[in-house]
Structures are given as structure tokens and as C-alpha cells.
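The values are calculated or read from the model by the stated rules, or taken from the named source; none is laboratory data. Since this is a predicted model, take the numbers as computed values, not measurements. Every residue, glycine among them, receives a Cβ derived from its backbone with ideal geometry; neighbour counts consider all protein chains shown. Areas reflect the complete protein model, heavy atoms only, side chains present, ligands, DNA and RNA absent. Shrake-Rupley method; radii C 1.70, N 1.55, O 1.52, S 1.80 Å.
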Amino acid sequence: MNPLKTLFILSAICLPALSVAQNKPDTIRLHSLPEVLSQAVKNNPTQAVYQQQLKQAALNYKASKGFIYPNASAGFTSTDNLHLSVTPVPGILIGQPGTTFYAQFGKKYNYSTGITLSQSIVDWTAVMQAKIAANNIRLSEAQRESFVQDLKEQVSRLYFSALVAKNALKINAVDKNLADSIVALTRQRLKEGTTDLLSVNQATINSNNILQNAAQSQQLYDQSVENLKILLGEKPVNELELVEGLNVDTLTTSLPGDVGADKSLLPYQQQALVSELQSRSQRAAAYPKLSATMYLGGQQFRDDFGLSLDNNRWNAYRYIGVNLTVPIFTGFTNANKYKSALVQHDIANLQYQNARQQSEINDKLLLKNYADYLQALKASKNSFKLYGDNLRLNQQKYQEGVINMDTYLRAFQDYLNAENLYLNNLSQLLSVRATLISRQ
């Protein structure tokens, strides 16, 4: 066979298989919440934005310290004096007393080139701007820490929601088997003439309700997992699998300690510090500024158009100057800007104080809610277990003919209501627990 033809056939066979293998989604197994939180902090896409903001703030700080170093610039100037100025000169200087001679000084074409060095000696405004830039770095860091706290809370809630949904699906599977057995039993009794169609319909409705609950649990699980995928920075094609199960006994026996520091307050605190520095910077606008300037260059004067690079044609031109600027009156601009900066500082302080007080109140409420939900969960868990025991006892009684179908169906409905209440209390407790975990 032709080698090229053989290669073409093999490529046609292997390439589709290779493409399928490359597009096959990876299954990411999540073993515990600490592992998930660590992955979220490391790989969350928004983290890259905060890293860039920190980098930008650091570069702005370096730029603000430029006043410490001297500035150097090179320049070249060419002037064509279209008409030289005239200066009246007494005629006695040229041997003509009593007359006035109008003389022109200078050359038609002037060239100058050199280097200008300038150095700021005293500039309190620039000093304060550098301090503001340094605090902006800490502000960016505070905003990042606040984001990480919110990220941990979101990830924990989604992780717990997935665990609750996973646990609910297991319960739904058991309920479905039990409901299907009831439906089969009522249909058999209907054939035997010992029950009516109403009981069969009610048993079927209970089975359908369990299917509906299972579909809602599956939807909650899928939604939680897909949102986790976004926060973890996973690829859309990858699949997440929760390995860990939900141990309710551990939740009902462990109580949290004190709530950790609320990092969402850090940006408010840092903004108050920045606003104080801004008011001081605005006040520094009224302070004197002192700077020095040095010029090192040369000049060339010509009557005809042209430029010579010969050193003999250039005349040295150098000077050193000191500049002192003292603001006297600026039309009340600086004064009003300073007052505005003080008001902004007061606003920042008020926002920080309000946020801190609200955080303290929320922290107390958080611990109270956790204790309340924990008690509710314990009670609903015990009730759910007892309703399950009663349901099995009623099933036996119904099979033995001690009770009728209506009594058995009511027991089943009570069991389903207890199940929903238990799962709802579990979700509420884990939502509060997610907030506590984010503060650790």
C-alpha cells in the first residue's frame, strides 16, 4: 500500500479519537471545605484583578517619590530675530555730542542648547502626596482582604448547599422507595376492594411530591456546584464532585467561639486615614516651596542663517538659581479646598464608625442566630427521626389491618413535612456557619 495513503487512513482514524480525548472533561474531586477555600483564594479570577490593583498602587507610590530626585532635561532653541530692537545711545559716545544715535545690538540668528537640572528642596505638598500613595497601597490590600472574606463566605455557603442537596437526594431516594411501595399496596387493596380510588390518588400524589422534592434538590446541587466552579476558577467543561458527606452530628455538637475580626471594616478604616492625609496635603498648599535650578549650556550668534558645530563658535552660558514661592492670596481657593477636605475626612470617619457599630451588632446577632438555629436543628432532627419511626409503625399497622389508609397517609404526610423542616433548619444553620468560617 502507498505509505502516504496508509498515513492518511491512520490519521483519519486517530485524530477524532485524540480530539475526543482532549475535550473529555476532567472530574475535580473536592474532599473538604478547607481544601475548597484554599483553592478559591488561590485561583479565583477576581484575585488577579486585585493583584493588578496592588501592582498599580505600588507603581503610583514610586512615581510619587520622584520629587526626591533631581530632574534633568535637554533643550535646543533657535531664534530668528526678524527685526532687532533699537536702543537710543548718546552721540557723545561716538564723538557726536548733543545728538542721539539709535543702535541695534545682537545678531539676527541666535541658538542656544544645554541641560537644565532642577531639584525640589522643600515641597510639603509632594511629601503628603507620597504618603497618600503609600496608604493607597494599604487600602488596596485592605480591599483585597475584605474580598477574600466575602469569597470564603460565598464558597462556604455554596459548598454547604451542595452538601445539603446531596444529603436530601439520599433521603429522597429512601422516600421514593417507600412511596412506591405505598402506591403498589393501595392499588392492590383497590383490586381487592378494601380501599377506594381516593387513597390510590393520594398515595400517588405523595410519590409525585417526592419526585418534585428530588428535582428541586438536584437543581440546588447543580446550581451550587456550577457557581462553585466559577469561584474556584475551574474550566467550564470540568465537573466537580463532592467526596465529603454531611455529618449532622458534628454540627449539632460543635459550638463556635468568638467571631473573628471583620475584615470588611479594613477599607473603611484605611479610607479614613487617607482622607486625613488628603486634608493635610491640601493645607500644605499654603506652605512655601523652595527649589533650585542649574543650567549648563552654550549660545551661538550669527548674522547669516546656519549652524556651526565648531566649539569656537559657541559661547558658554551657565547659571544657578534658587526659587522660593510663598502663596499670599489665591482667591480663597486653597482655603475652601482645605475645608472641603476636612468635611470629607469627617464623612470617612462617620462611615467607619457606622460600619464598625453595625458590624458589632451583626456579630452578636450572628452568634445568637447560630445558637437558635442549632436548637431548632436538634429539635427538628429528633422530630424527623420520630416521624420516620411512626411512619414505619403505621406501615406495619396498615399491613396488619389495624389502621385504615387515611391514617397511614396522614402519617406519611407528617413525615414529609418534618423532613422539609429539618432540611430547612439545616440550611439556615450552615448559612450562618459559612459566615463564621469566613471570619477565621
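Scan the stretch 405-415 residue by residue and report those that are in contact (Cβ under 8 Å) with a residue 24 or more places away in the chain and surrounded by fewer than 18 Cβ atoms within 10 Å (Cβ to Cβ).
Scanning the stretch 405-415 gives 406, 413, 414.
When you go through 38, 64 one by one, which is the residue that is polar (S, T, N, Q), modelled with pLDDT of 85 or more and either under 30 Å from residue 435 (Cβ atoms) or in contact with a strand residue (DSSP E or B) (Cβ under 6 Å, 6 or more places away or on another chain) (or both)?
Going through 38, 64 in turn, just one is polar (S, T, N, Q), modelled with pLDDT of 85 or more and either under 30 Å from residue 435 (Cβ atoms) or in contact with a strand residue (DSSP E or B) (Cβ under 6 Å, 6 or more places away or on another chain) (or both): 38.
When the residues of the stretch 224-268 are filtered to those that are open to solvent by 40 Å² or more (accessible area, probe 1.4 Å) and β-branched (Val, Ile, Thr), which remaining residue is modelled with the lowest pLDDT?
253
Please work out if residue 396 is exposed (fewer than 13 other Cβ atoms within 10 Å of the Cβ) and either assigned to a helix (DSSP H, G or I) or at pLDDT 85 or above (or both).
yes
Based on what the data block shows, is residue 94 surrounded by 12 or more Cβ atoms within 10 Å (Cβ to Cβ) and among the β-branched types (Val, Ile, Thr)?
no
Of the residues 178, 220, which single one is part of a helix (DSSP H, G or I), aliphatic (A, V, I, L, M), open to solvent by 40 Å² or more (accessible area, probe 1.4 Å) and in contact (Cβ under 8 Å) with a residue 40 or more places away in the chain? Break it down stepwise before answering.
Details: 178 fails: open to solvent by 40 Å² or more (accessible area, probe 1.4 Å).
Result: 220 is the single residue among 178, 220 that is part of a helix (DSSP H, G or I), aliphatic (A, V, I, L, M), open to solvent by 40 Å² or more (accessible area, probe 1.4 Å) and in contact (Cβ under 8 Å) with a residue 40 or more places away in the chain.
In the stretch 266-283, is there at least one residue being assigned to a loop (DSSP other than H, G, I, E, B), closer than 30 Å to residue 343 by Cα and either without any contact (Cβ under 8 Å) to a residue 60 or more places away in the chain or among the small types (Gly, Ala, Ser) (or both)?
no
Exactly one condition in (1) surrounded by fewer than 18 Cβ atoms within 10 Å (Cβ to Cβ); (2) at pLDDT 85 or above; (3) within 38 Å of the chain's Cα centre (by Cα); (4) not aromatic (Phe, Trp, Tyr) is not met by residue 389; state its number.
(3)
Has the stretch 148-156 got any residue that is buried (at least 20 other Cβ atoms within 10 Å of the Cβ) and more than 26 Å from the chain's Cα centre (by Cα)?
So far as the stretch 148-156 goes, no, none of its residues is buried (at least 20 other Cβ atoms within 10 Å of the Cβ) and more than 26 Å from the chain's Cα centre (by Cα).
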